[in-house]
Each structure stands twice: as structure tokens, then as C-alpha cells.
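Accompanying notes for the structure given below.
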Amino acid sequence: MNKIPLILDVDTGVDDAIAILYALSCPELELLGICTVAGNQTLDKTTRNTLSVLEYLGRTDVPVAMGSSGPLMRPLHTAPQVHGENGLGNVQLPEPAKKPLEEDAVSSMRRWIEQSPRPVTIAAVGPLTNIALLLKSYPHLKSKIEKIAIMGGGAFRGNASPVAEFNIYVDPEAAHMVFKAGVPMVMCGLDVTMQAYATQEDIDAFAALGNKAGRFCADIFRFYYDFHMSGVRGKLPGCAVHDAVTVMTLTHPELFKGEDAYVEVDLDGQYTLGCTAADFRDRGRIAEKNAHVIMEIDREAFIRLLLKAAASYS
Ligand code: BDR
Ligand code: CA
């Protein structure tokens with residue numbers, strides 16, 4: 001099997017941690033490295049969390065590069081109400097022994113992409129700041145990128161605002177640049193990720209695995225689940241495991257349904273800043289469709305695969 005050479009870009013984050021755990025366990029993926037960005041928490045915390053999760057799971061072989069400490073043009077908004085003050089649902093992991101690379105995220109991505117014999121896939125599940133800087137600084141790399149799969153946006157809903165999703169809302173200019181870059185895009189927005197929820201029963205099933213990874217998932221879900229149950233962002237039967245969806249579209253595309261669209265990011269709307277306006281119509285702009293928008297998931301299979309991933313750690 002030809003593995004998919006993959007770069008993960010994260011703002012770790014509860015659901016980012018689950019996405020990392022899943023990606024590490026997948027035989028379909030060759031994880032070249034992980035880049036961090038500010039989003040759910042400040043860059044120092046998202047980087048620490050990423051290193052801690054890797055160390056906890058026994059995967060210090062995966063290099064971590066630090067990226068942008070804030071959006072391109074705006075002040076940073078974080079989400080402690082969703083992910084806790086430490087970004088991991090306030091679960092304390094030991095201080096990681098390993099440090100991030102000295103090289104920054106953009107230079108590391110450049111090196112990983114240039115050194116890869118095959119086009120690289122990027123899964124970006126935080127604000128798109130690092131990715132925008134990569135494409136702007138090194139446009140010649142675009143032909144060596146297979147696709148950019150993001151957790152971000154929503155054709156028909158928002159969470160940071162009525163119409164904008166958090167990752168896009170935090171750095172709309174970066175998202176705008178990435179959607180315009182001419183690289184194939186897969187948008188896993190709230191349309192699909194809100195269907196990818198974990199119920200209390202699912203969380204109990206992680207705990208019942210009885211291993212370190214299962215307990216870790218159940219522990220970090222606690223705070224995050226309570227936030228979702230508070231109803232602040234509407235009613236769901238569980239907590240949305242957004243970021244793992246993006247990675248799973250790469251390993252198990254058969255579990256998803258989507259449609260091509262022309263997506264524009266709103267940069268100056270009074271009420272719609274960061275909205276991903278998705279035009280699915282086959283009129284006028286058909287040639288310009290710039291993203292495959294994922295709309296449906298087989299939720300039960302998704303949870304089964306996450307449980308299998310957690311069970312695979314000793
Ligand atoms: C996205 O925002 C973050 O809170 C999550 O990690 C996810 O990437 C959901 O809107
Ligand atoms: Ca995230």
C-alpha cells in the first residue's frame with residue numbers, strides 16, 4: 001500500500017488531540033510532521049499540548065514545528081470556554097521532555113514537501129495562518145501538494161458567529177488566501193462535523209477500553225462534552241469531534257458524501273465576517289469550483305474507527 005504522506009497542522013485542542021491520536025494509528029498515513037498554530041489556545045499551549053499528547057502516546061519520533069502565534073491581520077481569539085484554560089479540557093499531562101524543532105512551521109513544511117518523493121497532503125484543523133504563509137512564501141510548492149483538507153467553515157451554519165466557524169473566523173484573511181490558492185481543497189465544515197458527535201455512551205466506551213489512550217480520550221472529553229451539553233452552541237446529542245473528521249476523510253473516504261462548490265470567505269461583512277459562502281449551483285462559475293465540501297458522515301462507523309484507534313495503543 002502506498003501510504004499518504006501527510007502534514008498535520010493543529011491548534012491542540014481536545015478534538016485536535018483526538019485527530020492526532022487517530023492519525024498516528026493509521027497504517028494508511030505516513031505522518032511527516034505536525035505544525036502548531038494559535039487558535040483554541042495560545043501558541044505556547046497548543047505546542048505544549050501537541051508535544052504532551054505525542055509523548056503520552058509514545059510517539060516522540062514525530063517532529064513538531066511551531067507556527068504562527070496569531071492571525072495574519074487580527075488579534076487572536078482563543079476558546080477556553082470550549083477546550084479549557086490549558087486547551088486539553090484541563091487534563092494535566094506531564095511537561096513534555098521533547099522540544100519543538102528549531103525550524104519554524106513554514107520552513108519545516110517546505111522541507112517536508114520538497115523532500116517527499118510524492119505529493120503531500122495537508123490536513124489543517126486550526127486557523128489557516130501557517131498554510132496561508134506557506135503558500136504565499138513558496139508558491140512553487142503548490143504543484144507538490146496533493147490537497148489541503150481542512151476542518152473549517154460551514155456551508156449552512158456557524159459556531160463562532162451565526163454564520164462563521166471558529167477556525168475561519170479567527171483568521172479569515174488566511175482562509176481567504178488558502179481557498180484562492182488553486183490547490184485542491186476538501187472542506188470539512190460544521191455541516192459534517194456537527195454530525196460527528198460522541199455521546200456519553202461513546203465516551204464511556206473509550207474509558208471502558210481500559211488502556212491509557214482510551215482513558216485519555218474519556219478524560220479530555222469531559223470538559224468539552226459539558227460545554228456542548230450547555231446548549232450555548234445549540235443542542236446536540238453529544239460533543240462534536242470536528243478535527244478527526246478531516247483526517248478520516250483521507251483514510252476512509254467511503255464513509256463520507258460531499259459536493260463540489262465555489263467557496264468564498266467573507267472578509268468585511270458586518271454580520272458575516274469569516275462566513276464560507278458556498279455556491280453549489282452549476283451556473284456561471286462551474287469551472288471555478290474550488291473545494292469539495294463534505295456534507296455527510298456515517299457517524300457510527302466514525303466512532304467505531306476512533307475506538308479502534310484508541311484500542312491500538314498499549
Ligand atoms: C474547530 O474549532 C476548534 O475549537 C476545534 O478544534 C475545531 O478545529 C471547530 O469549530
Ligand atoms: Ca482545531
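The values are calculated or read from the model by the stated rules, or taken from the named source; none is laboratory data. Please read all numbers here as calculations on a predicted model, not as lab measurements. Here the Cβ is made from the backbone with ideal geometry for all residues, glycine too, and neighbour counts use every protein chain on show. For the accessible areas, the whole protein counts, side chains as well, though only heavy atoms, and no ligand, DNA or RNA atoms are used. Shrake-Rupley method; radii C 1.70, N 1.55, O 1.52, S 1.80 Å.
Quick check: is even one residue across segment 293-304 aliphatic (A, V, I, L, M), open to solvent by 30 Å² or more (accessible area, probe 1.4 Å) and closer than 30 Å to Asn90 by Cα? Break it down stepwise before answering.
In the first step, residues of segment 293-304 are kept if they are aliphatic (A, V, I, L, M); the result is 293-295, 297, 301, 303.
Adding the requirement that they be open to solvent by 30 Å² or more (accessible area, probe 1.4 Å) leaves 295.
Remaining after also requiring closer than 30 Å to Asn90 by Cα: none.
Checked segment 293-304: no residue is aliphatic (A, V, I, L, M), open to solvent by 30 Å² or more (accessible area, probe 1.4 Å) and closer than 30 Å to Asn90 by Cα.
Give the residue, chosen from Asp268, Asp298, that is more than 24 Å from Glu28 (Cα to Cα) and either out of contact with any strand residue (DSSP E or B) (no Cβ under 8 Å at 6 or more places or on another chain) or free of Cβ contacts under 8 Å to residues at least 60 places away in the same chain (or both). Show your work before the answer.
On the way: Asp298 fails: more than 24 Å from Glu28 (Cα to Cα).
The match here is Asp268.
Only one of these conditions is not met by Asn130: (1) more than 15 Å from ligand 2 (Cβ to nearest atom); (2) touching a Cys at 6+ places or on another chain (Cβ under 6 Å). Which number is it?
Against the list (1) more than 15 Å from ligand 2 (Cβ to nearest atom); (2) touching a Cys at 6+ places or on another chain (Cβ under 6 Å), Asn130 comes up short only on (1).
Which of the residues belonging to segment 269-314 are in a loop (DSSP other than H, G, I, E, B), over 28 Å from Thr199 (Cβ atoms) and at pLDDT below 90? Let's see the steps before the verdict.
Initial filter on segment 269-314 (in a loop (DSSP other than H, G, I, E, B)): 269-274, 280-285, 289-290, 298, 312-314.
Then keep just the ones that are over 28 Å from Thr199 (Cβ atoms); that gives 269-274, 280-285, 289-290.
Scanning segment 269-314 gives Arg281, Asp282, Arg283, Gly284, Arg285.
Under 9 Å between Cβ atoms, at least 6 apart or on separate chains: pull out the pairs that start in segment 85-104 with a residue that is among the β-branched types (Val, Ile, Thr) and end on any residue that is at pLDDT 95 or above and assigned to a loop (DSSP other than H, G, I, E, B).
Sorted first by the residue in segment 85-104, then by its partner, the pairs are Val91/Gly84.
This table checks each residue for (1) under 25 Å from Ala278 (Cα atoms); (2) in contact with a strand residue (DSSP E or B) (Cβ under 6 Å, 6 or more places away or on another chain); (3) of a type in the set (Asp, Glu).
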position: Ile113; (1), (2), (3): no, yes, no
position: Ile122; (1), (2), (3): yes, yes, no
position: Gly126; (1), (2), (3): yes, yes, no
position: Tyr138; (1), (2), (3): no, no, no
position: Met151; (1), (2), (3): yes, yes, no
position: Ser161; (1), (2), (3): yes, no, no
position: Asn167; (1), (2), (3): yes, no, no
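I need a count of the residues in segment 21-43 that are in a loop (DSSP other than H, G, I, E, B) and either more than 19 Å from Ala105 (Cα to Cα) or open to solvent by less than 20 Å² (accessible area, probe 1.4 Å) (or both).
Kept after step one, since they are in a loop (DSSP other than H, G, I, E, B), are these residues of segment 21-43: 26-28, 37-42.
If we keep only those that are either more than 19 Å from Ala105 (Cα to Cα) or open to solvent by less than 20 Å² (accessible area, probe 1.4 Å) (or both) as well, we get 26-28, 37-41.
So the answer is 8.
Out of the residues in segment 1-20 that are under 14 Å from the mean Cα position of the chain (by Cα) and assigned to a strand (DSSP E or B), which is nearest to ligand 2 (Cβ to nearest atom)? Please lay out each step first, then the result.
Looking only at segment 1-20, we keep the residues that are under 14 Å from the mean Cα position of the chain (by Cα), and these are 6-20.
Checking the rest, the ones that are also assigned to a strand (DSSP E or B) come to 6-10.
Details: Leu6: 16, Ile7: 15, Leu8: 10, Asp9: 9, Val10: 6 Å.
In this case the residue turns out to be Val10.
Mind listing just one residue for me: the one in segment 63-90 that is within 19 Å of Lys212 (Cα to Cα) and buried (at least 19 other Cβ atoms within 10 Å of the Cβ) and, of those, nearest to the chain's Cα centre (by Cα)? Spell out the reasoning first.
Quick first cut of segment 63-90, residues within 19 Å of Lys212 (Cα to Cα) only: 88-90.
Within this subset, residues satisfying the condition of being buried (at least 19 other Cβ atoms within 10 Å of the Cβ) are 88-89.
On the way: Leu88: 15, Gly89: 17 Å.
Looking at residues that are within 19 Å of Lys212 (Cα to Cα) and buried (at least 19 other Cβ atoms within 10 Å of the Cβ), I get Leu88.
For segment 104-134: of the residues being over 19 Å from Asp11 (Cα atoms) and of a type in the set (A, V, I, L, M, F, W, C), which is most open to solvent (accessible area, probe 1.4 Å)?
Step one: filter segment 104-134 for residues over 19 Å from Asp11 (Cα atoms), giving 110-120.
After this cut, where a residue has to be of a type in the set (A, V, I, L, M, F, W, C) as well, the list is 112-113, 120.
Details: Trp112: 20, Ile113: 0, Val120: 0 Å².
Only one residue tops the list, namely Trp112.
Taking segment 1-46 as the search range and keeping residues that are of a type in the set (Val, Ile, Thr) and over 19 Å from His242 (Cα atoms), which one is farthest from ligand 1 (Cβ to nearest atom)? Write out each step before concluding.
Narrowing segment 1-46 to residues of a type in the set (Val, Ile, Thr): 4, 7, 10, 12, 14, 18, 20, 34, 36-37, 42, 46.
Filter once more, keeping what is over 19 Å from His242 (Cα atoms): 4, 42.
On the way: Ile4: 20, Thr42: 14 Å.
Of everything passing the filter in segment 1-46, Ile4 is farthest from ligand 1 (Cβ to nearest atom).
Which helices (runs of 4 or more DSSP H) sit wholly inside segment 63-161 and have at least 2 residues that are modelled with pLDDT of 95 or more and away from ligand 1 (no atom under 16 Å from the Cβ)? Walk me through it before giving the result.
Working: elements: 80-83, 105-115, 129-137.
Filter on segment 63-161 gives 105-115, 129-137.
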